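Here is the structure we will look at.
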Amino acid sequence: MRYIHPKPHIGALMHAIALLVGEVERATGENWHEDAFTGEALRHAIERLIFHFAPTADSKMPVPPRIEEAAMRMPPPCATGHELRPTWAPARRE
């Protein structure tokens, strides 16, 4: 299989996540994929990283039509009830 170089913004995210993995595993002394606490800590760290750099909407954000169409093909538990916000962030008030 041939390695394809990612776009710069994707490569930067990959590198940042690799750094987070190293820091979290160093702090806990465990591997993220073998230890539940370390895995959870890494999940939160990656979520905070994305939340920090990705743009956020000030109000209810529209869902792109392609995503709406894909959701219509999913079973109901997967297609409904999700908000586009990190799990640690407070719920938005409507």
For segment 1-56, what D do you get in µm² per second when you plug the Kirkwood radius from alpha-carbon pairs into Stokes-Einstein at 37 °C and 0.692 mPa s? 266 µm²/s
Ranked from fewest to most other Cβ atoms within 10 Å of their own Cβ, Leu42, Leu13 fall in the order Leu13, Leu42
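Read-outs: derived from the displayed coordinates by stated rules, not from any lab. Small disclaimer: the values here were computed from a predicted structure and weren't measured. Because the Cβ atoms are built from the backbone with ideal geometry, glycine has one as well, and the counts that use them run over all protein chains shown.
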